[in-house]
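The structure appears right after this line, and notes come after that.
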Amino acid sequence: MINITGFYTNTMNEKNLDYLKDQLKYTGFGETFDAELRENIMKGEKDFKIMHTGIINNGVPNKDTLTVELNFKKSEQTDMYFFNSYHVNLQKEENKPGLEQTFYINKDSASITMKEAYNLMEGRSVNKDLKNKEGEGYNCWLKIDFKQSDNGNFKLNQYHQNYGYDLEASLSKHSIKELNTPQYKEDLLNSLKKGNLQSATFVVSGVESKMFVEANPQFKTVNVYDENLQRINHRESKEEKKAESQKESVSKDQKKNLDSDEGDSGRKDNKVKKRKTPSL
């Protein structure tokens with residue numbers, strides 16, 4: 001005799017497992033927790049946690065350690081488990097307390113990925129498509145306010161699409177080489193929207209140099225850092241304007257000299273025309 005109940009339970013468990021695996025994958029945790037998920041689902045307890053530790057360097061040398069506690073809870077109506085949230089501890093220096101924040105999984109809109117969580121905890125901003133209480137979609141930039149906290153979590157500020165921040169326009173104020181190639185430009189914009197500190201090639205007075213940029217929606221600009229990650233206060237823009245001003249000045253001087261030469265030539269011609277022919 002076929003055990004219908006057991007068959008049904010196993011089928012539901014497999015569907016639940018696949019569902020959770022997809023959730024973890026799209027939240028940036030990869031596919032490394034299959035065995036732990038299966039084991040915990042089979043136990044049937046009301047909730048369980050999975051720990052994850054990794055090093056994130058964001059393309060620059062550092063020793064940031066990210067310890068993540070993934071939280072799963074069983075539905076009160078069914079035997080289905082849901083991935084509800086994950087708690088992050090970011091430790092930048094050994095033997096010092098880490099920075100902590102809990103990120104919740106959104107059912108109706110894009111959740112914050114692990115990499116985006118790291119970028120937010122680094123103080124950068126992340127662009128997301130979210131939904132309001134009425135289910136209407138909207139786009140906004142998120143940034144953690146480390147000066148305000150609620151129930152142990154730092155406040156997450158939102159800069160709505162109507163706030164008026166234009167990332168592309170802010171980048172165009174700098175002479176960034178990647179902006180001249182459509183694909184590189186798109187890659188740069190997408191990376192910055194994820195909150196990354198992204199390398200870019202700046203061209204100042206014809207000289208190329210590697211810099212780093214990050215989005216700053218709060219002040220409607222981009223932050224620029226040199227190759228040693230030292231903040232630059234719009235030095236490139238000032239140098240570019242200075243170089244452009246010098247070019248314009250040279251151009252005006254050349255035009256002035258040219259006009260002057262033409263004027264002198266014209267006066268000489270007039271003098272020649274006015275000169276009387278001597279009588280024979």
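The values are calculated or read from the model by the stated rules, or taken from the named source; none is laboratory data. Model, not experiment: these values are computed from the prediction. A quick note on method: Cβ atoms are made from the backbone with ideal geometry, for glycine too, and the neighbour counts reach across all protein chains shown. Areas reflect the complete protein model, heavy atoms only, side chains present, ligands, DNA and RNA absent. Shrake-Rupley method; radii C 1.70, N 1.55, O 1.52, S 1.80 Å.
Test K46 against the stated conditions and say whether it is among the basic types (K, R), surrounded by 13 or more Cβ atoms within 10 Å (Cβ to Cβ), within 37 Å of the chain's Cα centre (by Cα) and modelled with pLDDT of 85 or more.
no
Just to be sure I understand, how many residues within region 109-147 are open to solvent by 40 Å² or more (accessible area, probe 1.4 Å), closer than 24 Å to K25 by Cα and of a type in the set (G, A, S)?
Count: 2.
With respect to N89, is the statement that it is more than 20 Å from Q158 (Cβ to Cβ), more than 20 Å from the chain's Cα centre (by Cα) and not charged (D, E, K, R) true?
Working: more than 20 Å from Q158 (Cβ to Cβ): yes; more than 20 Å from the chain's Cα centre (by Cα): yes; not charged (D, E, K, R): yes.
Judged against the criteria, N89 is a match.
Which residue out of L70, L24 is modelled with pLDDT of 95 or more, under 29 Å from N196 (Cβ atoms) and surrounded by 16 or more Cβ atoms within 10 Å (Cβ to Cβ)? Don't jump to the end; show me each part of the working.
Values: L24 fails: modelled with pLDDT of 95 or more.
One residue alone meets the criteria, L70.
So, in region 124-169, of the ones that are aliphatic (A, V, I, L, M) and in contact with an Asp or Glu (Cβ under 8 Å, 6 or more places away or on another chain), which residue ends up farthest from L189 (Cα to Cα)? First the steps, then the outcome.
Let us first name the residues in region 124-169 that are aliphatic (A, V, I, L, M), namely 126, 130, 142, 144, 156, 167, 169.
Pick out the ones that are also in contact with an Asp or Glu (Cβ under 8 Å, 6 or more places away or on another chain) and you get 126, 156.
Values: V126: 12, L156: 22 Å.
If we take residues in region 124-169 being aliphatic (A, V, I, L, M) and in contact with an Asp or Glu (Cβ under 8 Å, 6 or more places away or on another chain), then L156 is farthest from L189 (Cα to Cα).
Going residue by residue through region 135-143, is there one that turns out to be in contact (Cβ under 8 Å) with a residue 60 or more places away in the chain, among the basic types (K, R) and in a strand (DSSP E or B)? Please lay out each step first, then the result.
Within region 135-143, the subset in contact (Cβ under 8 Å) with a residue 60 or more places away in the chain is 141, 143.
Among the residues that remain, those that are also among the basic types (K, R) are: 143.
Still in the running and in a strand (DSSP E or B): 143.
The answer is yes, given that some residue of region 135-143 is in contact (Cβ under 8 Å) with a residue 60 or more places away in the chain, among the basic types (K, R) and in a strand (DSSP E or B).
Can you report the number of residues in region 196-219 which are surrounded by 15 or more Cβ atoms within 10 Å (Cβ to Cβ) and in a loop (DSSP other than H, G, I, E, B)?
2
Which residue out of H160, H174 is within 19 Å of the chain's Cα centre (by Cα), of a type outside the set (D, E) and open to solvent by 50 Å² or more (accessible area, probe 1.4 Å)?
Details: H174 fails: open to solvent by 50 Å² or more (accessible area, probe 1.4 Å).
Result of the check over H160, H174: H160.
Being of a type in the set (A, V, I, L, M, F, W, C) and open to solvent by 40 Å² or more (accessible area, probe 1.4 Å) is the requirement here; does F103 meet it? Before the answer, list the steps.
Working: of a type in the set (A, V, I, L, M, F, W, C): yes; open to solvent by 40 Å² or more (accessible area, probe 1.4 Å): no.
In short, no.
Looking at region 177-195 only, could you name the residues that are open to solvent by less than 80 Å² (accessible area, probe 1.4 Å) and assigned to a loop (DSSP other than H, G, I, E, B)?
T181, G195
Pull out all pairs, ordered by first then second residue, where Cβ-Cβ is under 8 Å, the residues are six or more apart or on different chains, the first lies in region 182-196 and is among the aliphatic types (A, V, I, L, M), and the second is open to solvent by 70 Å² or more (accessible area, probe 1.4 Å).
Listed pairs, sorted by first residue: L189/E168.
Pairs, please: C-beta under 9 Å, at least 6 apart or cross-chain, first residue more than 22 Å from Y19 (Cα to Cα) and in region 80-102, second of a type in the set (F, W, Y)?
Matching pairs, first to second residue: V88/F103; V88/Y118; L90/Y118; L99/F146; L99/F154; E100/F154; Q101/F154.
To keep it simple, each residue is scored yes or no on (1) in contact with a strand residue (DSSP E or B) (Cβ under 7 Å, 6 or more places away or on another chain); (2) modelled with pLDDT of 90 or more; (3) crowded, with 17+ Cβ neighbours inside 10 Å; (4) of a type in the set (A, V, I, L, M).
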site: T32; (1), (2), (3), (4): no, no, no, no
site: R38; (1), (2), (3), (4): no, yes, no, no
site: M42; (1), (2), (3), (4): no, yes, no, yes
site: I50; (1), (2), (3), (4): yes, yes, yes, yes
